[in-house]
1. Assess whether SER145 counts as being under 27 Å from ARG18 (Cα atoms) and in contact (Cβ under 8 Å) with a residue 12 or more places away in the chain.
2. Suppose we filter ALA19, ALA39 for residues that are small (Gly, Ala, Ser), modelled with pLDDT of 95 or more, under 25 Å from ASN227 (Cα atoms) and surrounded by fewer than 20 Cβ atoms within 10 Å (Cβ to Cβ); which single one remains?
3. I'd like the full set of residues that are open to solvent by 60 Å² or more (accessible area, probe 1.4 Å) and either β-branched (Val, Ile, Thr) or in contact (Cβ under 8 Å) with a residue 12 or more places away in the chain (or both), limited to segment 53-78.
4. Taking VAL27, is it closer than 26 Å to ASN227 by Cβ, open to solvent by less than 40 Å² (accessible area, probe 1.4 Å) and in contact (Cβ under 8 Å) with a residue 12 or more places away in the chain?
5. Residues of segment 10-33 being among the aliphatic types (A, V, I, L, M) and within 19 Å of GLU187 (Cβ to Cβ), which ones?
6. Are any of the residues in segment 33-43 assigned to a strand (DSSP E or B) and small (Gly, Ala, Ser)?
7. Here are some residues: ALA210, ALA178. Which one is of a type in the set (A, V, I, L, M) and under 15 Å from the mean Cα position of the chain (by Cα)?
8. Would you pick out the residues in segment 181-206 that are surrounded by 24 or more Cβ atoms within 10 Å (Cβ to Cβ) and in a loop (DSSP other than H, G, I, E, B)?
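The values are calculated or read from the model by the stated rules, or taken from the named source; none is laboratory data. Bear in mind the structure is a predicted one, so any value in this text is a computation, not a measurement. Virtual Cβ from ideal backbone geometry, glycine too; neighbours counted across all protein chains shown. For the accessible areas, the whole protein counts, side chains as well, though only heavy atoms, and no ligand, DNA or RNA atoms are used. Shrake-Rupley method; radii C 1.70, N 1.55, O 1.52, S 1.80 Å.
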Amino acid sequence: MRVLVVTAVPVERDAVTRAFGGTPESVALPGAELHRSGAFDVLAGGAGPAAAAAAAAFALASTRLPYGLVVSAGIGGGFAPAAPLGSLVVASDIVAADLGAETPDGFAPVTALGFGRDRLTPPPALVREVASAIGAAPGPVLTVSTVTGTADRTAALLAAHPDALAEAMEGFGVAEAAERAGVPVLELRAISNTVGPRDRAAWRIGDALAALTEAFGKSAPVLEGWNRHDH
């Protein structure tokens, strides 16, 4: 089974492809470049849900090789203490946490406005298998368009999503593209920073990228061999 992995930036793409060894083949796509390693095509699609959705949709539509799974992957912020620095998270739910409207009574998600959706759910069996293989915590991962940088915003997100483990900027965009193509989706994050007041000096990006490489090294057999029709 072929797997499409969509990251935000080249350093995340390269961290994923290092897990597979060797030199990946470069495949040109409209506005982007895939790095192909065996059954895995890894794409740096850009930051934010819009860029991620566009990149994933182009890849799904452009390749001659059909994909059986799409993975949104990269580093992200973890909600303390559930997701400490350097740990791994697999999304049980991919949530568009800031898609909606501000009202006098607070934030209203798009579903409360009577249209759209703000949550997509990866296959539970796959979430369990990958989490077990890499020692990750399964739980909701929030997609935001602005990285959280204050205590007030952190508290608001946790009030709305008390079980959330992490936030990132691309998962829901990738999930929308995969859903519309009829392909299952997974989101995997390595924690580089704690969600809260912004302290760039405390981020551990190198450690998170190393954890991402290790995660794909361990999960590759599960991802490549997974068949949704067997579950």
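1. Taking the combined requirement at face value, the residue does not satisfy it.
2. Working: ALA39 fails: modelled with pLDDT of 95 or more.
The unique qualifying residue is ALA19.
3. PHE58, ALA61, LEU65, PRO66
4. Values: closer than 26 Å to ASN227 by Cβ: yes; open to solvent by less than 40 Å² (accessible area, probe 1.4 Å): yes; in contact (Cβ under 8 Å) with a residue 12 or more places away in the chain: yes.
So VAL27 fits the description; yes.
5. Taking segment 10-33 and keeping what is among the aliphatic types (A, V, I, L, M), we get 11, 15-16, 19, 27-29, 32.
The answer is VAL11, ALA15, VAL16, ALA19.
6. Taking segment 33-43 first, the residues assigned to a strand (DSSP E or B) are 33-37, 40-43.
Among the residues that remain, those that are also small (Gly, Ala, Ser) are: 37.
Yes, there is a match, as at least one residue in segment 33-43 is assigned to a strand (DSSP E or B) and small (Gly, Ala, Ser).
7. ALA178
8. VAL195
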